[in-house]
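Everything on this sheet refers to the single structure shown next.
The values are calculated or read from the model by the stated rules, or taken from the named source; none is laboratory data. Everything numeric in this text was worked out from a predicted model, so none of it was measured. What goes into the accessible areas is simple: the full protein's heavy atoms, side chains included, and nothing from ligands, DNA or RNA. Shrake-Rupley method; radii C 1.70, N 1.55, O 1.52, S 1.80 Å.
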Amino acid sequence: MKEDGSKIVGVVAWDYQIARIVDRAGVDLVSVGDTVGVNLWGH
C-alpha cells in the first residue's frame, strides 16, 4: 500500500466486540488492547 501511495487506516479497539465491528468495516490495521478495562474498571 505504501508503494502505491494508498492511505493505511488503523484503529485501536478496546475489546473483541469492537474489534469485530472495525474489522467488518474494512479497516486495514486493528490493534486490540484492554487498557480501558485495566485503567477504568480495574480488571
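Side notes on the structure shown:
- Filtered residues of the range 1-19 (kept if closer than 10 Å to Leu29 by Cα and assigned to a loop (DSSP other than H, G, I, E, B)): Ile8, Val9
- Criterion: β-branched (Val, Ile, Thr), at pLDDT 80 or above, under 10 Å from the mean Cα position of the chain (by Cα) and open to solvent by 60 Å² or more (accessible area, probe 1.4 Å) - qualifying residue of Val11, Val32, Val22: Val32
- Matching entry among Gly37, Gly5, Gly42 (being at pLDDT 90 or above, open to solvent by less than 100 Å² (accessible area, probe 1.4 Å) and more than 11 Å from the chain's Cα centre (by Cα)): Gly5
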